[in-house]
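Contents: one structure, followed by commentary.
The values are calculated or read from the model by the stated rules, or taken from the named source; none is laboratory data. Owing to the predicted nature of the structure, the values given are computational and were not obtained by experimental measurement. All Cβ positions, glycine included, derive from the backbone under ideal geometry; neighbour counts span all protein chains shown. Surface areas here come from the heavy atoms of the whole protein model, side chains and all, with no ligands, DNA or RNA. Shrake-Rupley method; radii C 1.70, N 1.55, O 1.52, S 1.80 Å.
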Amino acid sequence: MKISIIDYGLGNLRSVYGAIERIGGEVSITNDISELKQSDKLILPGVGAFADGMESLKKLGLIEPLKELIIEQKKPIFAICLGFQLLAKESSEFGAHKGLGFIDAIVRKINRNDKQIIIPHVGWNDMIKVQDSYLWKEIPKDTLFYYVHSYHVVCNNKRIIIGKCHYGIDFISAIEDKNIVATQFHPEKSQYFGLQVLKNFIEKK
Amino acid sequence: MITVLTINDGVLFRTRDFIPDYRYTINFVDSWSVDEIIILDITRGKDNSKEKFYKVVEDFSANCFVPLSVGGGVTSLDDFSKLLNIGADKIVINTEAYENPELITQAAEKYGSQCVVVSIDAKITENDIYKVFTNFGSKMRSLEPQSWAKKAQDYGAGEIMITSIDKDGTLEGYDNKLNSLISNVVTIPVLVSGGAGKWQDFVDGIKIGKGSAVCTTNIYHFTESSILNAKKYMKNKNIEVRI
């Protein structure tokens, strides 16, 4: 099993790499298109601003190849945090920006109606399973995961939502849409159960 | 609960005569119930120490699957980029943020504000007025910490880490007067640091200091189970913690 972590200059690649290595996958960090093509599964990590992420994918000439690999060839991909958001059609972070559009969703700022709510949402919080998924294998109820974000994904297609979290509002914590899985939390930063989620992705037949 | 590790010239710096070996610490931190780690480079005036520090950060990020904030001597977007690339999740800036607050904005725009932790060291001065100190606490600045915290938030900081120079290392408990001065003026998370010595201090840091998280630096006071026990203690006092 060959896993490629897509390197587009944003994000905590090292810890994702370390996590996959710990689980026992053959892993590389790359933005080389032929290497991405040869891998069995992809990971799109990410921390940072939406516009920079898209700009960087564009500069590296990755948008079309990713579309081909993920949408046409249905290669399994796990998108994390900003990676998850980039899959959406558009975001309102620092102005309106177009996303990859691989899932029927948009990105919005966490609405701070409640004055007690601190933005960004940083820390350990719930992941409430709303649907069964292979990602949740051996994940107990009420497991906490680590979140760091100011924006969240709003899905038009509710059927792909597999996990939710509450922070001021209910927001989507995880989705599964055919070959695409994505989490707003950072599995690579969520200790034991975070690694289990990544393991479930890697071991999925 | 955040564990703060200070690194001097590439090795974990402790104030007692321990044999400095950061691998020992990695193994400990990974198995503890720690929620987050902050690694600070406190090396002064050594040119080649950066590379050693980067190596420490890389080792931590490859072995600890919890959030990692890194700081110490960060002065540019290049430093942000370098540290994020080797596994940091958030970057802690102190002196440079004070002198060049535009860096906060630039980093927030480039990496997201959640990535930018502005660390403020403060000390009580004449007439019981707190002042910001930069340059490893050696240089008194004109602003009071609460004004600087508010300003840092306006520039785009995602978190404030407040350290009481007076309390740091004393184990007497946090300076919660200082902490609440900060948490009352900002809406971003406040990490309180400096002085924790017993479990009730963590509770007080959250309840009285109104911190979002509590930091502990003197890791050698804790064995594997005591972080967990500290958290259980906090939970019993109705504080939401991850057990």
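Worth a mention:
- Basic side chains Lys and Arg get +1 at the Cβ, acidic Asp and Glu get -1 at the Cβ, and with that the dipole of the stretch B:2-236 about its Cα centre reaches some 380 debye.
- Per residue of chain A, the DSSP helices (runs of n ≥ 4 H) give a summed -39500 (n - 2.57) that works out to -6500 deg cm²/dmol at 222 nm.
- With every protein chain in place, the stretch A:2-203: carbon and sulfur % of accessible area (1.4 Å): 48
- Karplus-based coupling profile of the stretch B:106-115, in residue order and whole Hz: 4, 5, 5, 5, 7, 10, x, 5, 5, 8, with θ = phi - 60° in 6.51 cos²θ - 1.76 cosθ + 1.60 and x standing for Gly or Pro.
- Members of A:LYS74/A:LYS137; A:LYS75/A:LYS109; A:LYS178/A:LYS199; A:LYS109/B:LYS55 lying beyond 26 Å, as alpha-carbon distances in this model show: A:LYS75/A:LYS109; A:LYS109/B:LYS55
- Across the stretch B:229-243, coupling constants 3J(HN,Hα) worked out from phi with the 6.51/-1.76/1.60 Karplus curve, θ = phi - 60°, read 5, 4, 5, 4, 4, 5, 4, 4, 8, 6, 9, 6, 9, 8, 9 Hz, and Gly and Pro carry x.
- Computed from phi, the 3J(HN,Hα) profile of the stretch B:129-143 under the Karplus parametrisation 6.51, -1.76, 1.60 (θ = phi - 60°) reads 9, 7, 10, 6, 10, 10, 6, 6, x, 9, 10, 6, 10, 6, 7 Hz, with x in place of Gly and Pro.
- Proximity of backbone amide H atoms, modeled 1.01 Å from N, is registered between A:ALA182 and A:ALA79, A:ILE175 at under 5 Å, excluding neighbours fewer than 5 places apart on the same chain.
- Binning the alpha carbon pair distances of the stretch B:159-243 at 5 angstrom intervals from zero yields the distribution 3, 17, 28, 25, 18, 8, 1, 0, expressed in whole percent.
- Amide H contacts of B:LEU12 (H built 1.01 Å from N, in plane; Pro and chain starts excluded): B:ASP21, B:TYR22 sit under 5 Å, all sequence-distant by 5 or more or on other chains.
- Using a probe of 1.4 angstrom and keeping all protein chains present, the accessible surface of the stretch A:2-203 works out to 39 square angstrom per residue.
- Within the shell defined by Cβ-Cβ distances under 13 Å, the residues around A:GLN131 carry a net charge of +1, with Lys and Arg each +1 and Asp and Glu each -1.
- Part-to-part distance (alpha-carbon centres) for the stretch A:12-35 and the stretch A:106-169, which is given in Å: 25
- Applying the criteria of a DSSP loop state and at most 12 other Cβ atoms within 10 Å to the GluC sites (Glu not before Pro) of the stretch A:78-175 yields A:GLU138.
- Sequence-distant residues sharing a close amide H with B:TYR130 (under 5 Å, placed H): B:THR125
- Net charge dipole, the stretch B:159-243: roughly 380 debye, given to the nearest 20, about the Cα centre with Cβ charges of +1 for Lys and Arg and -1 for Asp and Glu.
- Here is the interface size for A with B: some 2500 Å² of accessible area buried, both sides summed, with a 1.4 Å probe.
- Per-residue [θ]222 nm for chain B (sum of -39500 (n - 2.57) over DSSP H runs n ≥ 4, rounded to 500): -11000 deg cm²/dmol
- Measuring only protein heavy atoms, the 1.4 Å probe finds A:ILE161 accessible over about 10 Å².
- Relative contact order for chain A, counting Cα pairs under 8 Å that sit 6 or more residues apart, in percent: 19
- Between the stretch B:149-182 and the stretch A:44-61, the Cα center-to-center distance that results, in Å: 33
- Three-way shape label, the stretch A:6-53, alpha-carbon gyration tensor, a/c 1.5: oblate
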